[in-house]
1. In whole Å, what is the distance between the alpha-carbon centres of the range 132-177 and the range 42-108?
2. Each residue of the range 149-154 in order: what ³J(HN,Hα) in whole Hz does its phi give by Karplus 6.51 cos²θ - 1.76 cosθ + 1.60, θ = phi - 60°, with x for Gly and Pro?
3. Leaving out ligands, DNA and RNA, what percent of the accessible area of the range 55-177 is carbon and sulfur, probe 1.4 Å?
4. Taking 30 Å as R0, compute the FRET efficiency from the Cβ-Cβ separation of E164 and A109 and round it to 0.05.
5. Give me the extension gain from T97 to D130: residue separation times 0.36 nm, minus the current Cα-Cα distance, reported in nm with one decimal.
6. Between N90 and A43, 0.36 nm times their residue separation minus their Cα-Cα distance comes to what?
7. Can you give me the relative contact order of the range 46-144 as a percent, contacts being Cα pairs under 8 Å and 6 or more apart?
Amino acid sequence: MMRAHRLLTTGLATLGVLAGGLVLSSAPALALSGSFGGSGASALSGPSGVAVNDSTGDVYVVDKGNNRVEQFSLTGTFIAAWGWGVSNGNAEYQICTSGCQAGVAGSGAGQLDSPEAIAVDNSGKTESEDPSVGDVYVMNKAADRVIDKFSASGAYLGQIATGEGGAAFSGLDGVAV
């Protein structure tokens, strides 16, 4: 009896590992190479979330420590950083493509303050079917408890500030599309 139980347990464990391997091997893999975030002023400081645009392969990292979003190609090449003051330190929304600075924290439109989560609209629909396809959503919990919405290339589009019935968010724990 004990031997049969041990064989059954071992067989189920092996089956679970094999099934898990099949699930993992059938999922699309990201061909990321190198490291993300660069060095110096462009280095990530407290990355707290990552999302991938299924149609372009672009990788978006919410950089909590620098109050900005960073966009990378599938191979890890830096594309841009978004946030207030990321180009020159001015208190305004900016998109930076080189020599980027930490963002200026706050609660203005598109201004991030310790952002914690990020998601991409990967509905798979065409733009005529879903005008938000490819858009990036960032949970901005610290200053104003909103979800900021950006285009895939970083243009600020607006924010979601209320939940059901128009009530302001009292707490946010993540974002998904």
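1. 16 Å
2. Working through the residues one at a time gives 10, 10, 6, 4, 9, x Hz.
3. Details: 2580 of 5360 Å².
Roughly 48 percent, rounded to a whole number.
4. Details: r = 23 Å, r/R0 = 0.77.
Calculated value: 0.85.
5. On the way: separation 33, 0.36 × 33 = 11.88 nm, distance 2.79 nm.
Between T97 and D130, full extension yields 9.1 nm more.
6. Numbers: separation 47, 0.36 × 47 = 16.92 nm, distance 1.96 nm.
Gain in length upon complete extension: 15.0 nm.
7. Details: 253 pairs, mean separation 23.5, N = 99.
Once divided by the residue count of the range 46-144, the mean separation gives 24 percent.
The values are calculated or read from the model by the stated rules, or taken from the named source; none is laboratory data. This is a predicted model, so every value here is computed, not measured. With ideal geometry, Cβ positions are generated from the backbone for all residues, glycine too; neighbour counts draw on all protein chains shown. Ligands, DNA and RNA are stripped out before the accessible areas are found, and what is left, the full protein with its side chains, is counted by its heavy atoms. Shrake-Rupley method; radii C 1.70, N 1.55, O 1.52, S 1.80 Å.
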